[in-house]
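The values are calculated or read from the model by the stated rules, or taken from the named source; none is laboratory data. Treat the numbers as computed from the prediction; the structure is a model and nothing was measured. Here Cβ is always computed from backbone atoms with ideal geometry, including for glycine, and neighbour counts include all displayed protein chains.
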Amino acid sequence: MTRLISILGSTGSIGTNVLKVVDKMPGAFRVAALAGGRNAGLMAEQIEKYRPSFVSVLDKKQAESIRSRARRFGTKVLWGDTAAEEIASLDGVDIVISAITGMAGFRPTLAAAQKGTVLALANKESMVVGGRLIRQAARRFRTKIVPVDSEHSGVFQCLCGRRKKFVRRLILTASGGPFFRTPAAEIKNKTVAQVLRHPRWHMGRKVTVDSATMINKGLELIEARWLFDFPPDKLDVLIHPQSVVHSLVEFEDGSILAQLSATDMKIPIQYALTYPERVNSSLPRLDLAGVKRLEFFPVDVRRYPLFQTAREALESGGSAPVALNAANETAVAAFLNASIGFTDIARVVIEVLDRYVPGPTDSVGAVFEIDRQARRLAEDSIILRKKG
């Protein structure tokens with residue numbers, strides 16, 4: 001049976017990989033709808049190839065630039081602040097893939113969680129800022145959340161059929177980013193180009209920077225807390241430079257299950273799309289004999305201070321993860337625009353976590369109020385650093 005899918009973030013790194021998986025499985029899926037960002041040219045190409053019923057873009061100018069081509073294929077073009085939420089809420093869709101980067105993906109992900117279908121989740125920030133709200137919605141509407149990120153997909157697979165009470169720890173792995181073996185004194189002056197040169201994964205710019213600071217692993221711990229409903233003291237991270245073992249689950253009897261695969265995001269994407277089945281594919285196979293060694297290291301919080309900051313936000317709970325995410329998004333954008341240095345990212349985020357005023361996170365409006373406050377504080381910190 002052909003499954004109808006909607007892709008939120010179809011023009012980004014995860015979204016384009018989803019479409020590559022779809023291409024390799026003819027007849028298994030039909031693209032019902034796409035939500036893109038600012039790449040109207042790529043969206044126009046996707047419309048022509050997949051002929052979805054609906055697409056969304058960010059603004060009216062982008063909508064007008066693709067409308068004539070969309071009309072030829074009977075595709076309706078939506079635009080504006082709520083357009084992606086409309087794509088996430090379409091009736092008749094079997095799977096919604098949430099792959100919009102950052103806080104922008106929160107509302108569409110929540111809308112998808114309220115549809116009672118399968119939510120293939122690749123937007124970690126949604127669970128970081130609104131994990132409780134998304135879990136509540138998924139329970140109420142009987143939505144099945146299947147993680148797409150390789151680490152959470154690995155945990156999901158290791159936990160399948162296991163009783164939660166026997167689990168001692170969930171362990172996510174991290175590559176360590178491009179500077180794992182770089183002397184600490186040399187990290188300060190790293191350029192944007194150097195930071196974006198990840199040793200293992202090909203990802204979007206923002207998540208690649210997050211990998212270099214290792215805040216991505218802190219965010220993933222917060223995501224795991226809500227995805228799998230485990231307390232902070234049962235969540236851990238190990239640096240694993242080979243990126244072959246994506247996660248591990250340790251049980252009370254000392255046994256550890258691990259999920260291994262080749263370093264290719266299309267593998268967890270395909271699993272999320274075909275779950276609970278496992279389908280033969282042309283995706284890369286893991287050559288264990290060729291790997292030769294598997295190394296694991298504890299996280300050095302002196303080298304990765306933002307990982308520790310994220311861990312503290314996880315343990316504090318409440319609005320701290322919202323402020324953490326907002327400050328980091330703002331600081332990373334400033335770094336990518338060459339407004340601040342690489343190590344300034346951590347200084348900005350830590351300063352915001354020290355200064356922001358905690359508040360409730362029991363509604364979407366409350367979450368966005370904390371987000372706005374933290375972004376203002378981060379922007380003030382960035383301005384002071386530019387002046388300095």
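Tell me whether the range 310-325 contains one or more residues that are closer than 24 Å to K206 by Cβ and in contact with a strand residue (DSSP E or B) (Cβ under 8 Å, 6 or more places away or on another chain).
Yes, because at least one residue in the range 310-325 is closer than 24 Å to K206 by Cβ and in contact with a strand residue (DSSP E or B) (Cβ under 8 Å, 6 or more places away or on another chain).
For the range 137-146, indicate whether the set of residues that are assigned to a helix (DSSP H, G or I), surrounded by fewer than 17 Cβ atoms within 10 Å (Cβ to Cβ) and touching a residue at least 40 places away in the same chain (Cβ under 8 Å) is non-empty.
Within the range 137-146 (the criterion being assigned to a helix (DSSP H, G or I), surrounded by fewer than 17 Cβ atoms within 10 Å (Cβ to Cβ) and touching a residue at least 40 places away in the same chain (Cβ under 8 Å)), the answer is no, since none of the residues qualifies.
In the range 337-366, what residues are assigned to a helix (DSSP H, G or I) and within 14 Å of K386 (Cα to Cα)?
Within the range 337-366, D344, I345, R347, V348 meet the criteria.
Among the residues of the range 250-269, is there at least one that is of a type in the set (G, A, S), in a strand (DSSP E or B), surrounded by 24 or more Cβ atoms within 10 Å (Cβ to Cβ) and touching a residue at least 40 places away in the same chain (Cβ under 8 Å)?
No, that holds for no residue.
Which of the residues that make up the range 288-334 are acidic (D, E) and farther than 26 Å from V192 by Cα?
Once the filter is applied, which keeps residues that are acidic (D, E) and farther than 26 Å from V192 by Cα, the range 288-334 yields E295, E312, E315.
Return yes or no: is V364 in contact with a helix residue (DSSP H, G or I) (Cβ under 9 Å, 6 or more places away or on another chain), among the β-branched types (V, I, T), free of Cβ contacts under 8 Å to residues at least 24 places away in the same chain and surrounded by fewer than 20 Cβ atoms within 10 Å (Cβ to Cβ)?
So V364 fails the test.
Of a type in the set (G, A, S), surrounded by fewer than 14 Cβ atoms within 10 Å (Cβ to Cβ), in contact (Cβ under 8 Å) with a residue 12 or more places away in the chain and assigned by TED's automatic domain parsing to the domain that holds F106 - does that describe any residue in the range 58-70?
So far as the range 58-70 goes, no, none of its residues is of a type in the set (G, A, S), surrounded by fewer than 14 Cβ atoms within 10 Å (Cβ to Cβ), in contact (Cβ under 8 Å) with a residue 12 or more places away in the chain and assigned by TED's automatic domain parsing to the domain that holds F106.
Quick check, is A112 aliphatic (A, V, I, L, M), buried (at least 21 other Cβ atoms within 10 Å of the Cβ) and in contact with a Gly (Cβ under 6 Å, 6 or more places away or on another chain)?
Criteria not met by A112.
Out of all the residues in the range 90-100, which are in contact with a Gly (Cβ under 6 Å, 6 or more places away or on another chain) and either of a type in the set (V, I, T) or modelled with pLDDT under 95 (or both)?
I100
Only one of R293, R278 is surrounded by fewer than 22 Cβ atoms within 10 Å (Cβ to Cβ), farther than 18 Å from L172 by Cα and free of Cβ contacts under 8 Å to residues at least 12 places away in the same chain. Can you tell me which?
Only one candidate passes the filter, namely R278.
Pull out all pairs, ordered by first then second residue, where Cβ-Cβ is under 9 Å, the residues are six or more apart or on different chains, the first lies in the range 174-192 and is outside any loop (DSSP other than H, G, I, E, B), and the second is small (G, A, S).
Matching pairs, first to second residue: A174/S211; A174/S243; I187/A212; V192/A338.
Would you be able to say whether some residue in the range 352-362 is under 21 Å from the mean Cα position of the chain (by Cα) and modelled with pLDDT of 95 or more?
yes
Counting just the residues of the range 24-54 that are aliphatic (A, V, I, L, M) and over 19 Å from E86 (Cβ atoms), which one comes out surrounded by the most Cβ atoms within 10 Å (Cβ to Cβ)?
A44
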